[in-house]
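S.K.: Right, I'll just put the structure down here and ask away after.
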Amino acid sequence: MKIILLGAPGAGKGSVAKQLNELYGAVQISTGDILRSAVQEGTALGKKAKEYMERGDLVPDSIIMEIMEVRLQKPDCKNGFILDGFPRTITQAQELKVIIDRLHIHLDFVINLEVPVDVILERLESRRTCSNPSCQEIYNIKRNPPAEGGTCKKCGHSVIQRADETKEAICNRLETYNSKTAPLIDFYQNEGLLKNVLSLQLPETIAAIKKELNS
Ligand code: ADP
Ligand code: ZN
């Protein structure tokens, strides 16, 4: 399985990718997770990315493409991958096309996760994330709360609200999505790769994706 997950912030890309990883063994590649780890570890990449991320702006395309060109050549990608949060601009999508052609990678399709905007806002405001860079498990204070004392059920680290999950940064991320990322829907429609899937409940979403994979 070699697929791209598209969708607004809060559309459920991370949860869908984790589930597909468990089902199919395809590696989840999340540029957001890679960048957050780099910020927490204070690497050179993290120092460059931090301010953009905290404002809810996109990290420059050149930085993202450098990371992804290396990442897509790692051996674990041979068994399949799920790109979660990448590409996010037309430039990234065009450059990705060149890279995968050169590496002889065949993309199965691009899943566009569709969610009404009020659901997205509610999800983002109640979302919490494990602070352990190598875990980053996602919780929801209403529907899927962390363990007693706000700790991660998987690794025990504290569960926090991301710096870009203030109301202001959330609005900025949604605007950025609309202006920079939503045009990818047409881009992949024209490439003949797009599949639209409603993303409300995880089991139904996964079932719909399975159906596309088998068709
Ligand atoms: P979400 O999908 O919930 O907005 P992500 O974890 O995918 O969150 O991304 C968090 C932040 O990381 C983004 O707001 C952006 O600053 C940066 N980022 C992640 N992926 C990319 C990308 N492909 N291009 C540019 N910036 C990115
Ligand atoms: Zn954790």
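S.K.: Give the Kirkwood hydrodynamic radius (Å, one decimal) of the chain, defined as one over the mean of 1/r across all pairs of different Cα atoms.
M.R.: Values: mean 1/r = 0.0565 Å⁻¹.
Final number for the Kirkwood radius of the chain is 17.7 Å.
S.K.: So how far apart, in nm, are the two label points at N214 and Q94 if each is 7 Å from Cα heading toward Cβ?
M.R.: 4.0
S.K.: Can I ask one more? Run through the DSSP bridge list for the chain and note the antiparallel percent, rounded to the nearest 5.
M.R.: So the antiparallel bridges in the chain amount to around 30 percent.
S.K.: A follow-up question, please. Can you pull the Kirkwood radius for segment 165-207, inverse mean 1/r over Cα pairs, to one decimal in Å?
M.R.: Result for segment 165-207 stands at 12.4 Å.
S.K.: So, one more: Subtracting the Cα-Cα distance from 0.36 nm times the residue separation, let me have the gained length for D57 to E69 in nm, one decimal. Numbers along the way, then the final one.
M.R.: On the way: separation 12, 0.36 × 12 = 4.32 nm, distance 2.15 nm.
Extra length from D57 to E69 when fully extended: 2.2 nm.
S.K.: Please work out the FRET efficiency for the pair L121 and D76, using the Cβ-Cβ distance as r and a Förster radius of 25 Å; give the result to the nearest 0.05.
M.R.: Values: r = 35 Å, r/R0 = 1.39.
Rounded to the nearest 0.05, the efficiency is 0.10.
S.K.: Counting pairs of Cα atoms in segment 5-88, how many percent are more than 15 Å apart? Before the final figure, lay out each step's value.
M.R.: Numbers: 2075 of 3486 pairs.
Percent of Cα pairs beyond 15 Å in segment 5-88: 60.
S.K.: So which of K13/K210; K167/K210; K180/K211; K167/K211; K2/K211; K50/K180 end up more than 26 Å apart by C-alpha? Intermediate results must be reported in sequence, preceding the final value.
M.R.: On the way: K13/K210 15 Å; K167/K210 35 Å; K180/K211 29 Å; K167/K211 36 Å; K2/K211 15 Å; K50/K180 19 Å.
Going by Cα-Cα distance, K167/K210; K180/K211; K167/K211 fall outside the 26 Å limit.
We did not get these values from a lab; they are worked out from the coordinates using the rules stated. These figures come from a predicted structure and were not determined experimentally. Note that each Cβ is placed from the backbone with ideal geometry, even for glycine, and that neighbours are counted across all protein chains shown.
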